[in-house]
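Notes to accompany the following structure.
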Amino acid sequence: MTATVDTQKIRDRVVSLMEEKFGLPAEELLSGASFEDLDIDSLILIELGLLLRKEMGVVLQEGELKSSHTLDEAVAVIEAKGPRV
């Protein structure tokens, strides 16, 4: 499996989690805006980190997902941790 396929799978799963758990529209997440611009606060990012640990085996330290990140930047952080996709 190529990195591009894995990256797409990770992006799709993160978008799905954020839609299901936090009611955030996919089109807003995919717009390239930062989490801060989308009013996604640090508590949501911490919760997302816990969900990623449960679903993908990704262990993120506090502060690794930042409100200044875009979806693609967050996916790069997650991908670097070697998730199960």
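Every number here is computed from the coordinates shown, using simple stated rules; none is lab data. On a predicted model such as this, the values are computed, not experimentally measured, just so you know. Virtual Cβ from ideal backbone geometry, glycine too; neighbours counted across all protein chains shown.
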### Query
What list of ³J(HN,Hα) values in whole Hz, one per residue of the range 58-64 in order, does the Karplus curve 6.51 cos²θ - 1.76 cosθ + 1.60 (θ = phi - 60°) give from phi, with Gly and Pro shown as x?
8, 9, 9, 7, 4, x, 6
## Note on the structure
Checked the range 1-61 against the a/c 1.5 cut and the a/b vs b/c comparison, axes a ≥ b ≥ c from its Cα gyration tensor; verdict oblate
### Query
Under the Karplus relation 6.51 cos²θ - 1.76 cosθ + 1.60, θ = phi - 60°, what is the ordered set of whole-Hz ³J(HN,Hα) values for the range 68-85, x standing for Gly and Pro?
7, 6, 8, 4, 5, 5, 5, 4, 5, 5, 5, 4, 5, 7, x, x, 7, 10
## Note on the structure
For the range 39-56, in residue order, the Karplus 3J(HN,Hα) values (coefficients 6.51, -1.76, 1.60; θ = phi - 60°; whole Hz; Gly and Pro = x) are 6, 8, 8, 5, 5, 5, 5, 5, 4, 4, x, 5, 5, 5, 4, 5, 8, 10
#### Entry: In nm, spacing of pseudo-spin labels at Glu20 and Ser34 (7 Å Cα→C-beta vector)
2.9
